[in-house]
Amino acid sequence: MTGRSLFTRRSLTGWAYATPTALFVLLFFIVPIGLVGRMSVSDWGLFAGNRGWNAPENFADAVDDRLFWPAVGFTVKYTLLTTVILLGLALGLALLVQESTRWNGLLRTSFLVPSALGLASASLLFYALYSPQASPFPGQIAFLGTPWSALWSTVALIVWRFAGFYMLLLLVGLQSIPGDVYEAARLDGSGRWQTFRHITLPLLRPSLALCTILCVTGSLLAFDQFYILTKGGPDNSTVTIVQLVYNMAFQGSNDLGRAAALSILVLAALLVVNILQFRTLRGREDR
């Protein structure tokens, strides 16, 4: 077999492996984004269909919606709370189960069990937990009755559901740190806090960056938990930006064009946020 025919055969094999993934990305990512882009510049009602070009009215109407800025503010507040609490707890759990002891297997399994439950199922479970009719808590505690209680009740759900998942990611990062580094720090007389600050955190930066990006992106796109627990209430105080997209498309005005325009704005904001996170969180050696 000549070198040219071998190269051709390997190229065809590579294309054969890559084609299914490329088709999947094309059908379920590129085509939907193209359709949403087309909707965003068209007068496209849910039942009326495409009634022609109307750019940039959809974008202006989306921003002028009375719930737009409250939804943006609430989404940012929810993202900050969830990210700080979730990653702080996950790091603490990862440090707790890092060492090999007789109880670590039980602890790791206990922390990871909630991660096996789907978010919608977990939301329904907590909805029953918060319901006055089924709640095991004594008294009439209004878990979802006020804006702040609804926010914190939802944050509790997300922390319970995802803490084990992020713990696992951080635990992998912790276990990849060479033991010789810690041994050298102990010989130099470094204390626990100094070791954690100057060795563990810097070497854990890639794992922390990954967890931060996943957590921020997931929180900015929050929908299931608020749709099931609060429906945006009370008094539209827990409407997220993605829930506002849903409301524009399927409730009230049934305006797919305006919902698509808001989706494009959310996508652009996510790109900017992720780029800033990459630039901020990557190590100095990568710059």
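At-a-glance table
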read-out: Number of the exception - Gln98 against (1) surrounded by fewer than 17 Cβ atoms within 10 Å (Cβ to Cβ); (2) under 22 Å from the mean Cα position of the chain (by Cα); (3) within 21 Å of Thr212 (Cα to Cα); value: (2)
read-out: For Tyr246: the one exception among (1) loosely packed, with under 15 Cβ neighbours inside 10 Å; (2) free of Cβ contacts under 8 Å to residues at least 60 places away in the same chain; value: (1)
read-out: Among residues of the stretch 228-243, those that are surrounded by 19 or more Cβ atoms within 10 Å (Cβ to Cβ) and not β-branched (Val, Ile, Thr), counted; value: 3
read-out: Selection count where residues are among the hydrophobic types (A, V, I, L, M, F, W, C), surrounded by 16 or more Cβ atoms within 10 Å (Cβ to Cβ) and under 27 Å from Gln277 (Cβ atoms), scope the stretch 178-209; value: 5
read-out: Count of residues meeting criterion [aliphatic (A, V, I, L, M) and over 20 Å from the mean Cα position of the chain (by Cα)] in the stretch 101-124; value: 2
read-out: Yes/no for Ile199 being in contact with a helix residue (DSSP H, G or I) (Cβ under 8 Å, 6 or more places away or on another chain) and farther than 30 Å from Ala71 by Cβ; value: yes
read-out: Leu87 being within 30 Å of Met167 (Cβ to Cβ), touching a Ser or Thr at 6+ places or on another chain (Cβ under 8 Å) and among the aliphatic types (A, V, I, L, M); value: yes
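Okay, residues lined up against (1) under 24 Å from Leu208 (Cα atoms); (2) in contact (Cβ under 8 Å) with a residue 12 or more places away in the chain:
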position	(1), (2)
Thr82	yes, yes
Thr109	yes, no
Val113	yes, yes
Leu125	no, no
Ala128	no, no
Ala134	no, no
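Only the coordinates and a few stated rules stand behind these numbers; no lab work does. Here the structure is a predicted model, which means the values were calculated and not measured. As a convention, Cβ positions derive from the backbone with ideal geometry for all residues, glycine included, and neighbour counts pool all protein chains shown.
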